[in-house]
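Take a look at the structure below.
Just so it is clear, none of the values below were taken in a lab; they were calculated from the coordinates. It should be emphasised that the depicted structure is a prediction, and the values quoted were computed from it without experimental measurement. Methodologically, a virtual Cβ is constructed for each residue, glycine included, from the backbone with ideal geometry; neighbour enumeration extends over all protein chains shown.
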Amino acid sequence: MIAFGPVPSRRLGRSLGVNNIPAKHCTYSCMYCQVGRTHGTEIERRAFRARDAVVAAVARKLGECRARGEPVDYITLVPDGEPTLEIDLGGMMRELRHLHVPLAVITNGSLLGRQDVRADLAEASLVSVKIDTAEERTWRRLNRPHASLHLAEILEGLRDFATSYRGVLLTETMLVAGVNDADADIDATVTFLAELSPARAYLAIPTRPPADRAVRPPTRTVLTRAVQRLARVLPRLALLTEDEAGPFAQTGDPIDDLLAILAIHPMREEAARAYLAASTIGAEGLDALLAAGSVMRCRYRDRTFVRRARPTPHGPE
Ligand code: SF4
């Protein structure tokens, strides 16, 4: 499904999500990725989905939302991969702007060293970039980038973008225990984030099943210390330490809607059951999806989640 949601988001309100590229084409293979490992990172920009098909799918979904009185605060390009790999990103966004809803892009920022990517992202009303670390070694371990990428070039591109961008720039930093939560690492991250002066800097910890099962959130003590260090120089700091709240919208077929959400956003099992219970399908619809193999259970930190089960284009996960 190209368009899904709207999904409640602390950063974006009610966000109509757009999968502008298929799963899972990414420049990174982050340890904590909630949509699984990247089987073969890539950096070549190319055409993934036809602009017309994406715009038509989003317009249709938006029409359904409006017919049901569902508010949409942002149309957000948030595929389960890296949206800037799409070579037609700028043209696609110029067309989407005709729908008169602010556009947001959630990017890992890895291609911001390129001028064409910075120009494309300038079309968005809001850009959220991932900056987990400013240390090369930590970055390679945590984000597991394509071998041709270099952190120094990315950080330089981010500086350029932050200087010229006229929209709302957000940053998101995921802290993983024993990987990027040491004081020295956090100090380097803080120094870089302060240079960008984002409208808001978000600090997140893993709350959903990660690609690497060894991933753990920092202890409360470490997290508190990190918050203190960040808050000293970043007055607009916010924490994303809990699951994003609020009911997921139902805009059409509840099963299609749920599967589209689960493809990118694992949900706690009870939340998925509640979602279907509020529809004509009923909570037991989840049992049918589990039995059919369309969704699968996974455990993370003593909680049971459900996620979309599907082969990746690069082979089995
Ligand atoms: S978390 Fe984002 S950037 Fe990292 S591998 Fe997953 S999709 Fe790519």
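Looking at region 17-78, which trypsin sites (Lys or Arg not before Pro) are DSSP coil and have at most 14 other C-beta atoms within 10 Å of their C-beta? Those that pass, being in a loop and sparsely packed, are R68. Among rounded, prolate and oblate, which fits region 111-254 when a ≥ b ≥ c are the square roots of the eigenvalues of its C-alpha gyration tensor, a/c under 1.5 means rounded, and a/b larger than b/c means prolate? The shape class here is rounded. Restricting attention to region 1-147, close to 30% of DSSP beta bridges with both partner residues there are antiparallel. Our note on the geometry: Cα centres of region 63-77 and region 153-209, 29 Å apart. For region 98-177, what class follows from the C-alpha gyration tensor (a ≥ b ≥ c being the square roots of its eigenvalues): rounded when a/c is under 1.5, otherwise prolate if a/b is larger than b/c, else oblate? In terms of gyration-tensor shape, prolate. Here's the picture: charge each Lys and Arg Cβ at +1 and each Asp and Glu Cβ at -1 in region 135-237, and of T224, T191, G178 the one pushed furthest to the positive end of that dipole is T224. Counted by neighbouring Cβ atoms within 10 Å, the residues V190, V168 run from fewest to most as V168, V190. Relative to its residue count, the chain spans a Cα convex hull of 123 Å³ per residue. In terms of the Cα gyration tensor, with a ≥ b ≥ c the square roots of its eigenvalues, is region 1-100 rounded because a/c is under 1.5, prolate because a/b exceeds b/c, or oblate? Note, shape of region 1-100 comes out oblate. When both bridge partners sit in the chain, DSSP labels roughly 35% of those beta bridges antiparallel.
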